[in-house]
1. Only one residue in Pro321, Pro303, Pro366, Pro347 is open to solvent by 10 Å² or more (accessible area, probe 1.4 Å) and closer than 29 Å to Pro211 by Cα, so which one is that?
2. Out of Ala219, Ala243, Ala148, I need the residue that is open to solvent by less than 10 Å² (accessible area, probe 1.4 Å) and either under 27 Å from Gln425 (Cβ atoms) or among the hydrophobic types (A, V, I, L, M, F, W, C) (or both). Which one?
3. Which condition number does Leu371 fail, the rest of (1) among the hydrophobic types (A, V, I, L, M, F, W, C); (2) farther than 25 Å from Arg327 by Cβ; (3) in a helix (DSSP H, G or I) being met?
4. Quick one: in region 34-82, which of the residues that are assigned to a loop (DSSP other than H, G, I, E, B) and of a type in the set (Asp, Glu) is nearest to Ser427 (Cα to Cα)?
5. Return only the number of the condition from (1) in contact with a strand residue (DSSP E or B) (Cβ under 8 Å, 6 or more places away or on another chain); (2) touching a residue at least 24 places away in the same chain (Cβ under 8 Å); (3) within 25 Å of Asp168 (Cα to Cα) that Leu55 does not satisfy.
6. For region 403-423, give me each residue that is more than 21 Å from Glu359 (Cβ to Cβ) and either polar (S, T, N, Q) or open to solvent by 40 Å² or more (accessible area, probe 1.4 Å) (or both).
7. Among the residues that make up region 331-346, is at least one of them assigned to a helix (DSSP H, G or I), of a type in the set (Phe, Trp, Tyr) and modelled with pLDDT under 95?
8. Out of everything in region 104-130 that is assigned to a loop (DSSP other than H, G, I, E, B) and without any contact (Cβ under 8 Å) to a residue 60 or more places away in the chain, what residue ends up being farthest from Trp69 (Cα to Cα)?
Amino acid sequence: AEARRWRPRVHRLPGVVRGRAPYGMTDAPLRVWIVEVGEPLAIDPGNPKRMRASLLSEQCAMRGHDVTWFTSAFDHYRKRMRPTGDFDVRGDGWEYKITVLPALGYRRHISLARWRDHRRTASELVARAVDRQRPDVICAGLPTLDLAEASAKLADHFDTRLVIDVQDLWPDVIRDALPRPLRWAGSLLRPMRLQAERACNRADAIVGTSPTYVDWGVAQARRPRTEWDHPFPLTSDPPTLGADDLVQCEAYWSRLGVEPSTTVFAFVGSFSRHFSFDPVIEVIAEWSGRHPEVRFVLCGEGPKRDRIASRLNGSANCVMPGWVNAREATWLLRHAVAGLAPYNPIPIFEQNYTNKLLEYLSVGLPVVSSLRAGLQGSLLREEQCGFTYEPKDPSTLSNVLERLLLDKELRERTSRAAERVFADQFSTAKVYGAYAEYLGELADDLGASRSRAS
């Protein structure tokens, strides 16, 4: 009933390029559909973080394209429902539309309820999109498998271009999450594997958040890699903090005992199976006596939060505020000594640039990561913008943090490197600007090829 009463609103956001007309505008704008769930939206309350789909939508809209982002009514992070319908998002000289599809919701990340939710949203996508004007290109995130497959069906229906954007290796990641004695049950995921293969096989191009993810998608498509199969890393710019924001954030953190002068090691994320907090917990306990002036601030929600909080009960040097908004998180990270990235060292993280890495680099924060191998470990070593530790040895984590605590010159040098690496390689204008240009070139190239063939 609330959704039916809800009327579309216009949400105004700051332009990526202030004081200038949209750049890169094409003479022949395209109709671009982006299919992506699990991200904050501009219509969400508070100050939602702009992630992959919103940033790509902005960059496409800035080039004059007609952009619709199809997403779910279920807020994956807050586990709440949004109103359904069409909403306009506008900035300085650009706008795009969000179509929020009905969903069922779920409580656990791996559950039958989540599978049903994805199925429902995918069926709603087809039902609501099939009678719209033909898009020139559809860019669909994988996961979800159901929405990726539904996007492939729509691409067939409209005889249009399809890009599959591989952001997580489903169903491989689900199989890997099973306890070893139950790995045999991975064979039951065969229907999901077929969904991935069908979606990737229909795609005109495979995009991924890393070269390895692109290769995985191409393998599902069962074809050679082409020039159009291209990686674009996950990244986002931190929000700009105005004078009022600074006052509000400082007051918020002060109530929790975190002052601008407090020495902080920070984590902002989800307390999920993706992370191993055991070494962090041991270091916090050890440092309560060695460095009582230091605060470990662990922000976020998730299925493992209560257990971690219980183990840290009574630790005066640890603050667990729960979920914080983007501005509160940015204020904290800008005042921290380093950002903690205690990932479980499994291939899906080692083969990618993780969210924590890019979030910390974006504010010039040195990264302390458990991923010693792969892309992230190599970047931290080669660019000297952070450090790694042995994930099963808390003493190595303690040693890294103590070096940063005691060596001001090292902190400053590593922070400058973090800022430089993000600006050179991961700024959203560069990554998603290139992504938007890519979609335009892909549509033009394949469109010309099909015209010649006909």
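The values are calculated or read from the model by the stated rules, or taken from the named source; none is laboratory data. Values in this document were obtained by computation on a predicted structure and should not be read as measured data. All Cβ positions, even for glycine, are placed from backbone atoms using ideal geometry, and neighbour counts span all protein chains on display. In case anyone asks, the SASA skips ligands and DNA or RNA and just uses the protein heavy atoms, side chains included. Shrake-Rupley method; radii C 1.70, N 1.55, O 1.52, S 1.80 Å.
1. Working: Pro321 fails: closer than 29 Å to Pro211 by Cα; Pro303 fails: closer than 29 Å to Pro211 by Cα; Pro366 fails: open to solvent by 10 Å² or more (accessible area, probe 1.4 Å).
Only one candidate qualifies: Pro347.
2. Ala148
3. (3)
4. From region 34-82, those assigned to a loop (DSSP other than H, G, I, E, B) are 36-51, 63-65, 73, 76-79, 82; that's our starting set.
In the following step, the residues that additionally are of a type in the set (Asp, Glu) were identified as 36, 39, 44.
Working: Glu36: 21, Glu39: 19, Asp44: 24 Å.
Going through the qualifying residues, I end up with Glu39.
5. (1)
6. Arg403, Leu406, Asp407, Lys408, Glu409 - these are the residues of region 403-423 that are more than 21 Å from Glu359 (Cβ to Cβ) and either polar (S, T, N, Q) or open to solvent by 40 Å² or more (accessible area, probe 1.4 Å) (or both).
7. Checking region 331-346: not a single residue is assigned to a helix (DSSP H, G or I), of a type in the set (Phe, Trp, Tyr) and modelled with pLDDT under 95.
8. Ser111
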